[in-house]
1. Looking only at the range 22-36, decide whether some residue is of a type outside the set (S, T, N, Q), free of Cβ contacts under 8 Å to residues at least 24 places away in the same chain, open to solvent by 90 Å² or more (accessible area, probe 1.4 Å) and not in a helix (DSSP H, G or I).
2. Looking at the range 126-146, is at least one residue at pLDDT below 90 and either buried (at least 17 other Cβ atoms within 10 Å of the Cβ) or closer than 30 Å to Ala53 by Cα (or both)?
3. What residue, of Val68, Val44, is aliphatic (A, V, I, L, M), in contact with a Cys (Cβ under 8 Å, 6 or more places away or on another chain) and either at negative phi or in a helix (DSSP H, G or I) (or both)?
4. List the residue pairs whose Cβ atoms are under 9 Å apart, where the first residue sits in the range 39-55 and is farther than 15 Å from Phe23 by Cβ and free of Cβ contacts under 8 Å to residues at least 12 places away in the same chain, the second is hydrophobic (A, V, I, L, M, F, W, C) and open to solvent by 70 Å² or more (accessible area, probe 1.4 Å), and the two are 6 or more positions apart or on different chains.
5. Could you tell me whether the range 48-57 includes any residue that is surrounded by fewer than 16 Cβ atoms within 10 Å (Cβ to Cβ), out of contact with any Phe, Trp or Tyr (no Cβ under 9 Å at 6 or more places or on another chain) and modelled with pLDDT of 90 or more?
6. Given the criterion outside any helix (DSSP H, G or I), under 30 Å from Gly154 (Cβ atoms) and not β-branched (Val, Ile, Thr), identify the matching residue among Lys106, Lys79.
7. Take the residues of the range 89-117 that are of a type in the set (A, V, I, L, M, F, W, C) and open to solvent by less than 40 Å² (accessible area, probe 1.4 Å): which is farthest from Ala146 (Cα to Cα)?
Amino acid sequence: MSGFYLLGLIAIWLFVGWLIYRFWRYVTPTSKSKKLLYYVFGGVLFLIWFGSAFWPFAGKKMYYDAQVREMCAKDGGIKIYETVELSAERFGQNGGLNIKSEEYAKSTDEYYFSMNESILRNKNPKLTRFTTKIIRRSDQKILGEAVRYGRAGGDLPGFWHSSSYGCPPIMESTGKLTSSVFKKGTI
């Protein structure tokens, strides 16, 4: 949506809302019993009018967040195809293992990880599938992979950052991948 188009829609919405308010004030009843009904009815109409302006954004986010949860339930998370036992000195002082990404790994590095981002929906909101794989260089075998889904955007346009939703949580998917594939040996 272009900025001028959106501003035009907002202006029309505000103008029509103003017209509805002016008409509502013009037809104010005089009896007390009708006034109560009048104000309740006016409040309900206001909530419907005001809420309908924001439903396309909130409703769209809720729909695509449900889509992300469904995709996560089907194939999100970690899949381990082979575990590798490495000597204790290969692990750092904090117990971590330094596996480099494919673009930074040297030809002498035994293992590397590759990351892939597949855009499932390139409109607002955007849906993406993130895949991280740990690969053994010698035979190009995938030792394990972490799959994650995410939604970005779908908010009311403005100067703020757009919201996002993803699952499984980043540390649960990619953070545990290395520690699940590589085990510290006793050697």
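1. no
2. The answer is no, given that none of the residues of the range 126-146 is at pLDDT below 90 and either buried (at least 17 other Cβ atoms within 10 Å of the Cβ) or closer than 30 Å to Ala53 by Cα (or both).
3. Val68
4. The qualifying pairs do not exist here.
5. Within the range 48-57, none of the residues are surrounded by fewer than 16 Cβ atoms within 10 Å (Cβ to Cβ), out of contact with any Phe, Trp or Tyr (no Cβ under 9 Å at 6 or more places or on another chain) and modelled with pLDDT of 90 or more.
6. When all the criteria are applied, what remains is Lys79.
7. The qualifying residue farthest from Ala146 (Cα to Cα) is Phe91.
The values are calculated or read from the model by the stated rules, or taken from the named source; none is laboratory data. As the structure is a computational prediction, the values presented were derived from the model and not from experiment. Neighbour counts run over all protein chains shown; Cβ positions are idealised from the backbone, glycine included. Note: areas computed on protein heavy atoms with side chains; ligands, DNA, RNA excluded. Shrake-Rupley method; radii C 1.70, N 1.55, O 1.52, S 1.80 Å.
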